[in-house]
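Asker: Dropping the structure in here first, questions after.
Throughout, read-outs are computed from the coordinates displayed, never taken from laboratory work. The model shown is predicted, which means the values in this text are computed figures rather than measured ones. Neighbour counts are summed over all protein chains in view; Cβ atoms, including those assigned to glycine, are modelled from backbone coordinates with ideal geometry.
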Amino acid sequence: MFLIVAKYLIPRGYRGMAVFPFVLVKYDFDKVNKIFVNHEKIHLRQQLEMLVLPFFIWYFFEYLIRLFQYKNKDLAYRNISFEREAYAKETDYVYLKNRSFFQFLKYITLK
């Protein structure tokens with residue numbers, strides 16, 4: 001994983017994003033934010049297990065589905081299965097050591 005401060009590459013309203021093998025952050029202080037970095041590491045693992053490009057295709061189409069479902073871009077983003085897993089486990093710093101493949105699938109349906 002490579003942490004890079006790339007203020008102008010991050011979309012408005014976001015602090016960072018993972019694009020395997022990089023984690024791009026908008027602000028230098030996020031490089032040492034353990035929760036934020038762990039969240040992005042979870043995305044890197046998701047991308048790796050899906051061979052990167054299919055991850056982004058799935059992410060985009062699931063976002064469109066959630067946008068249709070919620071009619072709100074923030075709710076759509078927060079309910080993408082990849083995001084739900086990352087937000088649920090971002091404070092568990094050993095999660096990636098024990099995580100099985102394709103755990104995001106557990107977060108597709110809402111409970």
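Asker: Can you tell me which of (1) aliphatic (A, V, I, L, M); (2) over 18 Å from residue 84 (Cα atoms); (3) under 14 Å from the mean Cα position of the chain (by Cα) is the one residue 42 doesn't meet?
Answerer: (2)
Asker: Okay, moving on. For the range 49-83, how many residues are under 18 Å from residue 95 (Cβ atoms) and either loosely packed, with under 13 Cβ neighbours inside 10 Å or of a type in the set (Ser, Thr, Tyr) (or both)?
Answerer: Of the residues in the range 49-83, 1 are under 18 Å from residue 95 (Cβ atoms) and either loosely packed, with under 13 Cβ neighbours inside 10 Å or of a type in the set (Ser, Thr, Tyr) (or both).
Asker: Right, something else. Residues of the range 57-108 being under 15 Å from the mean Cα position of the chain (by Cα) and among the aliphatic types (A, V, I, L, M), which ones?
Answerer: 57, 75, 76, 80, 86, 88, 96, 105, 108
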